[in-house]
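The values are calculated or read from the model by the stated rules, or taken from the named source; none is laboratory data. As the structure is a prediction and not an experimental result, all values here were calculated from the model. When we count neighbours, we look across all protein chains shown, and the Cβ atoms used for this are built from the backbone with ideal geometry, even at glycine.
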Amino acid sequence: MPELPAEPARQRLPHWPLSAEQWLLLLCLLTLTGLAWWLLLRMAATMALPGGMADLAMAGMPMPWTASDALLMLAMWAVMMVGMMLPSALPMILLYQHMLHRYSAGARRHLALLLFCLAYLLVWSGFSLLATGLQWGLDHLALLNPQMRSESRWLGAALLLSAGVYQWLPSKAACLAYCHGPVQFLMSHWRPGIIGGWRMGLAHGRYCLGCCWLLMGLLFVGGVMNLLWVALIGGYVLLEKILPQGPWLGRITGLLLIAAGLAMLLA
């Protein structure tokens with residue numbers, strides 16, 4: 001393992017000014033994020049078409065999922081995770097590229113960076129598959145409305161309380177520490193070479209998932225296809241990871257979620 005620079009582990013953002021190579025990477029990742037949001041808008045419009053799943057649900061008709069429905073839902077979740085989570089991963093990706101530029105050369109560093117990003121997205125694609133299965137189960141039990149929002153106050157309260165309590169657990173704090181401090185992650189998980197990029201991408205993806213997975217359950221509280229709600233959760237995840245007060249923001253948010261869950265139970 002090469003010696004890494006003695007930068008503070010609490011650093012959250014890459015050095016400025018960015019290099020030309022970093023600007024190009026940033027432009028590509030922001031374009032990918034914008035494309036994900038454009039696809040989400042198109043998918044939401046498709047589902048709202050006459051005869052679509054939402055239209056049938058509003059008419060009170062049964063909605064057995066076909067194979068195409070399942071694939072559409074899986075694609076929706078995968079695209080949504082790209083749009084929500086990629087912005088919060090930008091500091092880590094840019095800093096990793098900076099380190100590769102210093103310690104690797106030529107095509108090897110580009111391939112390592114590509115595998116890092118693909119491994120990160122693979123972790124969230126796996127989560128998308130699980131989320132699709134959960135949505136199918138909730139839909140089968142008639143617990144979701146046409147906007148894919150919980151129809152049960154018990155389910156809604158359980159999601160709010162679970163997410164709120166998790167914000168205070170040591171596992172959340174441990175995962176957020178690596179997401180909040182990219183240098184700390186690099187210092188403890190650095191692996192050289194192309195395969196090292198893949199392994200580091202998987203590790204960072206797992207920490208990111210461990211940090212946010214219960215927050216994703218809140219999509220069923222506000223509506224999976226409520227894109228404003230989706231954007232608010234994605235924005236919160238970004239702030240929690242880049243603000244110096246991110247860990248305290250998470251704990252305060254946890255208290256608010258617990259209060260909202262209790263209020264829903266008592267309503």
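Among the numbered conditions (1) part of a helix (DSSP H, G or I); (2) within 22 Å of residue 240 (Cα to Cα), the only one that residue 99 does not meet is (2). Considering 203, 173, 163, 177, the condition of being within 18 Å of residue 229 (Cβ to Cβ), of a type in the set (Gly, Ala, Ser) and touching a helix residue (DSSP H, G or I) at 6+ places or on another chain (Cβ under 9 Å) is satisfied by 163 alone.
Filter region 43-96 down to the residues that are of a type in the set (Gly, Ala, Ser), at pLDDT 90 or above and either crowded, with 16+ Cβ neighbours inside 10 Å or not in a helix (DSSP H, G or I) (or both) and list them by number. Break it down into steps so the answer makes sense when it comes.
Narrowing region 43-96 to residues of a type in the set (Gly, Ala, Ser): 44-45, 48, 51-52, 54, 57, 59-60, 67-68, 70, 75, 78, 83, 88-89.
From what is left, the residues that are at pLDDT 90 or above are 75, 78, 83, 88-89.
Within region 43-96, 78, 83, 88, 89 qualify.
At least 2 residues being over 22 Å from residue 109 (Cα atoms) and touching a residue at least 24 places away in the same chain (Cβ under 8 Å) is the threshold, and among the helices (runs of 4 or more DSSP H) wholly inside region 172-267 those reaching it are 193-216, 219-222, 227-242, 246-266.
Quick one: how many residues across region 159-176 are hydrophobic (A, V, I, L, M, F, W, C) and surrounded by fewer than 18 Cβ atoms within 10 Å (Cβ to Cβ)? Residues in region 159-176 being hydrophobic (A, V, I, L, M, F, W, C) and surrounded by fewer than 18 Cβ atoms within 10 Å (Cβ to Cβ): 5 in total. The residue pairs whose first member lies in region 144-168 and is free of Cβ contacts under 8 Å to residues at least 60 places away in the same chain and farther than 10 Å from residue 258 by Cβ, whose second member is in a loop (DSSP other than H, G, I, E, B) and polar (S, T, N, Q), and whose beta carbons are closer than 7 Å, counting only pairs six or more residues apart or on different chains, are 151/145.
Answer yes or no: is there a residue in region 179-192 that is modelled with pLDDT of 95 or more and either within 27 Å of residue 41 (Cβ to Cβ) or surrounded by 17 or more Cβ atoms within 10 Å (Cβ to Cβ) (or both). Checking region 179-192: not a single residue is modelled with pLDDT of 95 or more and either within 27 Å of residue 41 (Cβ to Cβ) or surrounded by 17 or more Cβ atoms within 10 Å (Cβ to Cβ) (or both).
Go through 101, 140 for me and flag whichever is of a type outside the set (D, E, K, R), modelled with pLDDT under 90 and under 28 Å from residue 225 (Cα atoms). Write out each step before concluding.
On the way: 101 fails: under 28 Å from residue 225 (Cα atoms).
Result: 140 is the single residue among 101, 140 that is of a type outside the set (D, E, K, R), modelled with pLDDT under 90 and under 28 Å from residue 225 (Cα atoms).
For region 116-137, the count of residues that are more than 18 Å from residue 27 (Cα to Cα) and touching a strand residue (DSSP E or B) at 6+ places or on another chain (Cβ under 9 Å) is nonzero.
Among the residues in region 189-204, are any under 18 Å from residue 120 (Cα atoms), over 18 Å from the mean Cα position of the chain (by Cα) and of a type in the set (Val, Ile, Thr)? Let's see the steps before the verdict.
Keep residues of region 189-204 that are under 18 Å from residue 120 (Cα atoms), which gives 189-204.
Then drop every residue that is not over 18 Å from the mean Cα position of the chain (by Cα), which leaves 189-199.
When the remaining residues are screened for being of a type in the set (Val, Ile, Thr), the result is 194-195.
Scanning region 189-204 turns up at least one residue that is under 18 Å from residue 120 (Cα atoms), over 18 Å from the mean Cα position of the chain (by Cα) and of a type in the set (Val, Ile, Thr).
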